[in-house]
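Working notes for the structure below.
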Amino acid sequence: MPSLAETQARLSAAILKGDAAAVAPLLVGGRDPRARLVIHQRHYEASLVTALTTKFPATVWLIGDALFTVAARAFVRRHPPAAPCIAEYAEDFPGFIAAWPGADRAPYLGAVASADWLLGQAALAVDLPPLSIQALAGIEAEMLPDLELSLQMGLRYMHADWPVDELVKLHLDGNAPERYVLDPEEVWLEIRGVRGAFSLDRLAEPAYLFRRAVKSGSTIGAAAEAALAADPAFDAGAALGLLFAVGLVTSVNLPA
Amino acid sequence: MTGTSLTPRPTRAGVGLRLPHLAEVEATRPAAGWLEIHPENFIANPHAREMLQALAADYPISVHTVGVSIGSVGGIDQTHLKRVRALVDLIDPFQVSGHLAWSTHEGDYFNDLLPLPYDEETLRLLATHIDEVQDGLGRAYFVENPSSYVGFGQSTMTEVEFLSELVRRTGCRLLCDVSNIHVSSTNMGYDPIAYIDGLPHDAIGELHLGGFTIEADEGDPTTDVLIDTHAAPIAEEAWGLYAYALRRFGPKPTLIEWDNDLPPFATLLGEAARADRIVAEVFAPEARRAVAG
C-alpha cells in the first residue's frame, strides 16, 4: 500500500500530465474508476481555462475562442497555479502566448495579453483619498529629491512596440472594422483602474518613465533622473505637481 | 484555539454570494438570511473586499474556504492561512469552514477538491492540519463531507467513521453537505440515510444544499454519475434528504450553493425560501408530536 505522499504524487501526475497509470490501481468507484478520474482531470483544465478566458478578453477577441482555448489548455498544464487565489493566476500567460507557435504572425499578441492582464488587475483596485500639493508644504526644497510617494493602487504602466491601446479600445467599443492595419508604434501607457472601471491613456516617454519610477518606489530624484535621460528638457517640478493635481498621490514618505 | 464570532448564528437559510452577484447585492440588500463567501475570491480583490466589508455590517457571513487544503501532505500554506485570517478578522463571520479534501501538491494548486484515502495515516495528518488551521484562525473550523466520484481501496474506515474520529481528535465541527451525500452515495453505492444516521450529531453546525449535473458514467454507460457542479436547482432527492437531516440534527444554518451558470439572485432566494419552508414543516408542532410518537 503506498504512503499518502505517494498516493498524492500519483494523483497529481494524473491531473496535470494525464498519466493515470500509476494511480488507477489504487482507485475504487463505479465499474471503471479510471474513467471517473477524468471528472477531476476535466475540472482542473476547464475551470482554469475559463478563468483565463475571463482574464484575457481582448486576446480572445483577437485570435478567437478556438485558438485561445488551445493555448490556454497548454498553459494550465505547464504552469499550474501556485496559490488558491485565482485572481492572481496567469501573470506569465502573456509571455507564454507571445511564444506560442504561430504568434510570430501576430507580433503584438503578447502585448495585447499584457494589456489584458494589467487592465484586469487595475480594475480590482480601490482608490484612497488623494493628497494635494499642500502635502509638500513644510518640506525643505533640498529634501524633495529624497522623498518617495505612494500612488493609487490601481495604477499600472506599460510600454509596448505596438499601439495595443487602439486594439483594446476597438475591442471594448465592439465595432471593429472588417480590416484593420496595425503598424508598429511605440506607446507608453498609463492604466488607472478603480472599482471595476479603468482608463487607458498614452503618456510621453519622459512622463511615463517618471511616473513608473515613482510608482515602483524610486525617490523623486531618481525618477526625475530616469525622465531626464530620455529628455534633458523634462520639467520634473511640473511633473510632480501634475501627480498631485490628477489625484494619484496617496502618501508622502520622508526618508528615514 | 480560542475566540468566537460576535455575529449571531442565523436562523433562516442563506445563499452563496459569488462575484457576479456582488454589486447587485451590495446595491439592493436583498432579504437573504445570511451570505456565504469563498475567501479566495476576495483576498486578492480589494474592490470586492470593500463591498463585502459593507455587507458584513448588514448580513451574517460564513467564510467557506476552498484552498486551505487540509489533506495535503505538503502541509498547510501558512501564507494563505494568514490571508484568510486577515479577512476573517475584517468581517467577523459567524463561522469558517472548509473541505475534507486536498488541492495542493509540491507548490501546484489544482483548483479542485481531491479525494483522500480514509486510514490512520491520513487521519493523523488531517488532525495535525486541522489543529494548525484552528490555531491559525483562532476559532473552530467546520469540515465539509466531500462529493465523491472515486475512493481508495486502501481505506480502512468509512467516511463517516473518519469524520467522527476527526471530530474526536481535534474538536472541529462538521458542515454536512446534504447534496454531497446524495451525489456520493449514488456514485459510490452506499446508503445516504445510514450516512446521516452515523454522523456525530452534536458536531453538525451547518447544512449545505447544491445542484448537480447528471452524466453517463464513461466506465459504464448504462449508469449515471452525478457531478457536483453547483450549476443547477437542488434536486428533489436532496430536498428529501434535507428534511431527514433536519429531523436528525435539528435546525441548522442552511446554505444554498450555486457557483456556475449562475441564475438571477432571486432564484437563489427562492431556493432558500423553500429550505425555510421545509424547516417550518419539520418543526411544526404536529410534526414534532409525530416524531415523538
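The values are calculated or read from the model by the stated rules, or taken from the named source; none is laboratory data. This one's a predicted model, so the numbers in the text were calculated from it and none came from an experiment. We place every Cβ from the backbone using ideal geometry, glycine too, and count neighbours over all the protein chains shown.
Overview of values
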item	result
Any chance A:D92 is farther than 25 Å from A:D173 by Cα, outside the structural domain of A:D161 (by TED's automatic domain parsing) and surrounded by fewer than 19 Cβ atoms within 10 Å (Cβ to Cβ)	yes
Meets criteria (touching a residue at least 60 places away in the same chain (Cβ under 8 Å) and surrounded by 14 or more Cβ atoms within 10 Å (Cβ to Cβ)) for B:F283	no
Filter pass, A:N175 being over 17 Å from A:R156 (Cα atoms), polar (S, T, N, Q) and in contact (Cβ under 8 Å) with a residue 60 or more places away in the chain	no
Verdict on B:R124 being more than 27 Å from A:I39 (Cα to Cα) and either touching a residue at least 60 places away in the same chain (Cβ under 8 Å) or of a type in the set (A, V, I, L, M) (or both)	no
Where A:V60 falls short, out of the listed (1) closer than 30 Å to A:A123 by Cα; (2) surrounded by fewer than 20 Cβ atoms within 10 Å (Cβ to Cβ); (3) without any contact (Cβ under 8 Å) to a residue 12 or more places away in the chain	(2)
Of all residues in the stretch B:18-59 being polar (S, T, N, Q) and within 13 Å of chain A (Cβ to nearest Cβ), the one that is farthest from B:D261 (Cα to Cα)	B:Q53
Wholly enclosed helices (runs of 4 or more DSSP H) of the stretch A:52-118 bearing at least 3 residues within 30 Å of B:H64 (Cβ to Cβ) and of a type outside the set (S, T, N, Q)	A:65-78
A:L149 of a type in the set (A, V, I, L, M, F, W, C), modelled with pLDDT under 95, within 30 Å of B:R49 (Cα to Cα) and in contact with a helix residue (DSSP H, G or I) (Cβ under 9 Å, 6 or more places away or on another chain)	no
Pairs with Cβ under 6 Å, 6+ apart, first in the stretch A:1-29 and free of Cβ contacts under 8 Å to residues at least 60 places away in the same chain and assigned to a helix (DSSP H, G or I), second of a type in the set (V, I, T) and buried (at least 16 other Cβ atoms within 10 Å of the Cβ)	A:L4/B:V73; A:L4/B:T122; A:A5/B:V73; A:Q8/B:V73; A:R10/A:V23; A:L11/A:V23; A:A14/A:V23
Subset of the stretch B:92-115 [among the aromatic types (F, W, Y) and farther than 23 Å from B:I61 by Cα]	B:W102, B:Y109, B:F110
Qualifying residue in the stretch A:122-140 (condition: closer than 24 Å to A:K215 by Cβ, in a helix (DSSP H, G or I), without any contact (Cβ under 8 Å) to a residue 60 or more places away in the chain and in the same structural domain as A:V252 (by TED's automatic domain parsing))	yes
Count of the stretch A:40-53 residues which are facing chain B (nearest Cβ under 7 Å) and small (G, A, S)	1
Unique residue being free of Cβ contacts under 8 Å to residues at least 24 places away in the same chain and over 26 Å from A:F93 (Cβ atoms) when the list is A:R36, A:R78, A:R42	A:R36
Selection count, the stretch B:50-64, where residues are part of a helix (DSSP H, G or I) and either among the hydrophobic types (A, V, I, L, M, F, W, C) or surrounded by 21 or more Cβ atoms within 10 Å (Cβ to Cβ) (or both)	5
Residues of the stretch A:35-61 classified as modelled with pLDDT under 95 and touching a Leu at 6+ places or on another chain (Cβ under 7 Å), total	0
Qualifying position, being facing chain B (nearest Cβ under 9 Å), of a type outside the set (G, A, S), within 32 Å of the chain's Cα centre (by Cα) and closer than 19 Å to B:G153 by Cα, among A:L4, A:L37, A:L11	A:L11
Residue that is nearest to B:L255 (Cα to Cα), among those in the stretch B:187-214 that are within 14 Å of chain A (Cβ to nearest Cβ) and out of contact with any helix residue (DSSP H, G or I) (no Cβ under 8 Å at 6 or more places or on another chain)	B:T213
Residues satisfying the stated conditions in the stretch B:137-156, i.e. more than 14 Å from chain A (Cβ to nearest Cβ) and surrounded by fewer than 19 Cβ atoms within 10 Å (Cβ to Cβ)	B:G138
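Conditions (1) of a type in the set (D, E); (2) more than 16 Å from the chain's Cα centre (by Cα); (3) closer than 24 Å to A:G95 by Cα; (4) surrounded by fewer than 19 Cβ atoms within 10 Å (Cβ to Cβ), marked per residue:
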{"site": "A:Q134", "(1), (2), (3), (4)": "no, yes, no, yes"}
{"site": "A:S150", "(1), (2), (3), (4)": "no, yes, no, yes"}
{"site": "A:V164", "(1), (2), (3), (4)": "no, no, yes, no"}
{"site": "A:L172", "(1), (2), (3), (4)": "no, yes, yes, yes"}
{"site": "A:D183", "(1), (2), (3), (4)": "yes, yes, yes, yes"}
{"site": "A:E186", "(1), (2), (3), (4)": "yes, yes, yes, yes"}
{"site": "A:G193", "(1), (2), (3), (4)": "no, no, yes, no"}
{"site": "A:K215", "(1), (2), (3), (4)": "no, no, yes, no"}
{"site": "A:A223", "(1), (2), (3), (4)": "no, yes, no, no"}
